[in-house]
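Read-outs: derived from the displayed coordinates by stated rules, not from any lab. What you are looking at is a predicted structure, and each value in this text was computed from that prediction instead of being measured. Note: ideal-geometry Cβ built from the backbone for every residue, glycine included; neighbour counts use all protein chains shown.
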Amino acid sequence: MLKTTVVGNYPKISSDKTSPNLRNALNLKDQGKISAAQLEQIFQETIKRVIREQEEAGIDIITDGQIRWDDLLTPIAKNIPGVEIGGLIRFFDNNVYYRRPVIKSKVAFKNFSTVEQFKFAQANSKKIVKAVLPGPFTLAKLSLDEHYNNIEKLTLDLAEILNQEAQELEKAGAKYIQLDEPSLCYNPDKTDLAKKAIERTFENVKAKKILFFYFGSVKSLLPKISDFPVDVVGIDIVSRPENLEAILENNFNKELILGCIDARNTKLETEEELFALFEKVTKRIPPEKIYISPSCGLEFLPQETAVKKLKKMVEVVKNFQREWLIE
């Protein structure tokens, strides 16, 4: 049967005025008006709210909303010796920015970046919580390399660090671990390198391994992805509609996360268009191998809209399965 999930991040600020405002709290902490302990309490309350909203929407596999994350890279990069956090750079074709890691010397593992966050989320959730990490190629590609001057060596060294993180996440109870590799969509000539790095990242990891692509085209990647050492591939078919045809035309042999809910547009999808899409895809891939999700993280949307989109997604999936079972 079809399952539902999300990609990663989630709106940090709620439209509910009774909920703590994390942005205000961060500003107050910077001004010295609240303590670190008070800020931590607001972080925890915000994460619990995000988890609760996903659970109430009916999502099968959730995340912690990456509430503590400023962007995809910084949570990992800031803990790596040899890396400095640089200035703001635009994150793909979005009106959001990330702080660019600057590689100053050989990178090495120092300590775990996301494990305690995962433990807190899982302890406060009734649903399975998915762990999410930047893929090694994307982490390397979006960094400014002032040391290696060699994308392959940097990517593989970062994969070693991510492997230790992934193994510890599994020890902490993570049943699903996802790597986000949007940069590979724009660098298909590096597919072999990415495969080698992902293989290293997931070495000795038995959790269900997910690889997610968003924003870009996967058309030239899909023939090779069938050999990647992952169980599930997530694909954004909203930003690049041709990705759907690429899925249907190729010998797709993995489980699929179908990123079909537009996470960068407030317009709600209709049941009719989603039904038509589900019918087309389930003719090619068994429903039990498909997860339905937003096209990327939901932080681009207002919180109210994100909730509506998730509820609509779950409702349509349930209606489709009810009709599918009747037939």
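Could you tell me what a quarter of the Cα convex hull surface of region 52-163 works out to, in nm² with one decimal place? Please list the in-between numbers first.
On the way: hull surface 30.8 nm².
With every direction weighted equally, the projected area is 7.7 nm².
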Check your understanding: Which part of region 88-103 falls in the paramagnetic zone of D70, meaning amide N under 16 Å from the point 7 Å along Cα-to-beta-carbon?
Key -> 88-91, 96-103
Revision key, fill the gap. Once both label points are put 7 Å beyond Cα along the C-beta direction, the E279-K110 separation in nm becomes 5.5 nm
Exercise for review: Provide, in order from the shortest bin, the percent of all Cα-Cα pairs of region 182-327 in each 5 Å bin, continuing until the bin that contains the maximum pair distance.
Suggested key: 2, 9, 18, 21, 19, 15, 9, 5, 1, 0
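Roughly how many debye, to the nearest 20, is the charge dipole of region 193-327 about its Cα centre, given +1 on each Lys and Arg Cβ, -1 on each Asp and Glu Cβ, and no other charges? Could you put the intermediate results ahead of the total?
Numbers: 22 positive and 21 negative charges, 95 e Å.
Magnitude of the dipole: close to 460 debye.
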Review point. Please identify the trypsin sites (Lys or Arg not before Pro) of region 39-106 that satisfy two criteria: DSSP loop assignment and at most 14 other Cβ atoms within 10 Å. Which are they?
Key: K104, K106
Exercise for review: Could you tell me which of V232, N204, I151 has its Cα farthest along the dipole of the chain towards the positive end, charges placed at Cβ (Lys, Arg +1; Asp, Glu -1), taken about the Cα centre?
Suggested key: N204
Review point. By DSSP, what percent of the beta bridges with both residues in the chain are antiparallel, rounded to the nearest 5?
Key: 15 percent
Review point. Relative to the Cα centre, what is the charge dipole magnitude of region 106-162, using +1 at the beta carbon of each Lys and Arg, -1 at the beta carbon of each Asp and Glu, and rounding to the nearest 20 debye?
Key: 440 debye
Point to revise | Antiparallel bridge percentage (DSSP; both residues within region 1-149; nearest 5) | key: 55 percent
Point to revise | Charge dipole magnitude, Cβ of K and R +1, D and E -1 - the chain, Cα centre, debye nearest 20 | key: 620 debye
Point to revise | Integer Hz, Karplus 6.51/-1.76/1.60 couplings in order for region 28-33, x for Gly and Pro | key: 5, 5, 4, 8, x, 8
Exercise for review: Provide the per-residue ³J(HN,Hα) series for region 88-96, in order, calculated from phi with Karplus coefficients 6.51, -1.76, 1.60 and θ = phi - 60°, each as a whole number of Hz, with x at glycine and proline positions.
Suggested key: 7, 10, 4, 8, 6, 9, 10, 8, 10
Practice item. Please compute the Cα-Cα pair-distance distribution of the chain with 10 Å bins starting at 0, giving whole percents from short to long. Key: 6, 26, 36, 24, 7, 1, 0
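List the trypsin sites (Lys or Arg not before Pro) within region 267-305 that fall in a DSSP loop (any state other than H, G, I, E or B) and whose Cβ has at most 10 other Cβ atoms within 10 Å.
On the way: sites: K267, K280, K283, R284, K289; in loops: K267, K283, R284.
Here the sparse-neighbourhood loop sites are K267, K283.
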